[in-house]
Amino acid sequence: MKKYINGTLAAHAENAAGWDLRKTGGQENIVSYELRTRGAHKDEATDVALHVINGLLDGMQVGVIAESGEAEMPALTKLGSVWRDGRLLKRGQGSAFVAMEPNFDPLSRCGVEPCVGTGAAFRFLGFESSAPADRVFRSLLEPGNDAVIELRCKDLAGGVLDIRLDAEKIDERKALGGISAALGHCGQSLQVEM
């Protein structure tokens with residue numbers, strides 16, 4: 001298996017701090033990746049997650065859902081400062097904050113800070129600009145979706161980001177290059193396993 005760091009064949013990077021990007025699946029036109037830290041601190045993990053999310057979703061129509069237990073509900077309510085039209089919903093034994101953006105604006109650290117480290121799980125769905133709002137909303141609440149890109153993390157500080165792409169609608173190489181650029185911007189190395 002070949003391993004790359006920022007596009008260069010890695011000779012001895014197994015124990016170095018940084019990030020691993022591993023292809024976890026592919027069927028028809030859908031490909032999945034897992035971006036996982038190799039020793040990044042909580043603050044670095046959050047910054048990397050935000051840079052990757054911002055880079056991959058820039059300018060897309062996006063639906064966002066953040067879910068947590070009842071104890072973390074106060075943190076979710078603070079997301080209203082980021083997404084003013086968002087709504088807090090009761091879901092099972094917990095809560096969910098749901099919002100839609102017709103043209104995704106980059107997330108800032110201070111906007112999501114109340115949820116960092118609380119275990120709030122985030123899910124971002126990116127759609128082409130012509131997607132109807134009700135389709136975006138339904139996709140957030142139902143298990144299956146037809147988003148062009150889906151990003152999931154169990155906690156923004158957790159150091160793991162699951163990425164699913166529709167390779168017919170998004171250039172996979174361009175998306176992987178964007179991930180590498182986001183990590184480079186944060187001063188982190190990337191090791192790719194295909």
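The values are calculated or read from the model by the stated rules, or taken from the named source; none is laboratory data. All values derive from a computational prediction rather than experimental measurement. Every residue, glycine as well, gets a Cβ built from its backbone with ideal geometry; the counts of neighbours run over all protein chains shown. Remember, those area values only see protein heavy atoms, side chains included, never the ligands or the DNA or RNA. Shrake-Rupley method; radii C 1.70, N 1.55, O 1.52, S 1.80 Å.
Return only the number of the condition from (1) among the polar types (S, T, N, Q); (2) over 16 Å from the mean Cα position of the chain (by Cα); (3) closer than 24 Å to V112 by Cα that Q191 does not satisfy. The number of the failed condition is (3). Scanning the range 40-76 for residues that are hydroxyl-bearing (S, T, Y) and in a helix (DSSP H, G or I) gives a single hit, T46.
Say we look at the range 46-74 and pick out the residues that are at pLDDT below 90 and of a type in the set (A, V, I, L, M); which of these is surrounded by the fewest Cβ atoms within 10 Å (Cβ to Cβ)? Only one residue fits best here, namely A71.
Here A175, A147 are screened, and the one residue that is part of a helix (DSSP H, G or I), touching a residue at least 12 places away in the same chain (Cβ under 8 Å) and not β-branched (V, I, T) is A175. Does R84 meet the test of being open to solvent by 70 Å² or more (accessible area, probe 1.4 Å), outside any helix (DSSP H, G or I) and in contact (Cβ under 8 Å) with a residue 40 or more places away in the chain? No: the conditions fail for R84. All of (1) more than 15 Å from the chain's Cα centre (by Cα); (2) open to solvent by less than 20 Å² (accessible area, probe 1.4 Å) hold for G39 with one exception: (2).
Applying the set (1) within 19 Å of F97 (Cα to Cα); (2) modelled with pLDDT under 90 to V136 leaves exactly one unmet item: (2).
Here A99 meets each of (1) under 14 Å from K78 (Cβ atoms); (2) open to solvent by 10 Å² or more (accessible area, probe 1.4 Å) with one exception, condition (2).
Here G26 fulfils each of the conditions (1) open to solvent by 10 Å² or more (accessible area, probe 1.4 Å); (2) out of contact with any Pro (no Cβ under 8 Å at 6 or more places or on another chain); (3) not in a strand (DSSP E or B) apart from (3). Residue count for the range 102-144, restricted to those that are of a type in the set (D, E, K, R), under 19 Å from A49 (Cα atoms) and either in contact (Cβ under 8 Å) with a residue 60 or more places away in the chain or part of a strand (DSSP E or B) (or both): 2.
Examine the range 152-164 for a residue that is more than 29 Å from E72 (Cα to Cα) and either open to solvent by less than 50 Å² (accessible area, probe 1.4 Å) or touching a strand residue (DSSP E or B) at 6+ places or on another chain (Cβ under 9 Å) (or both), and state whether such a residue exists. Checked the range 152-164: no residue is more than 29 Å from E72 (Cα to Cα) and either open to solvent by less than 50 Å² (accessible area, probe 1.4 Å) or touching a strand residue (DSSP E or B) at 6+ places or on another chain (Cβ under 9 Å) (or both). Among the conditions (1) at pLDDT below 75; (2) in contact with a Pro (Cβ under 8 Å, 6 or more places away or on another chain), A17 misses just one, which is (2). K90: more than 27 Å from I179 (Cβ to Cβ) and without any contact (Cβ under 8 Å) to a residue 12 or more places away in the chain, yes or no? Answer is yes for this residue.
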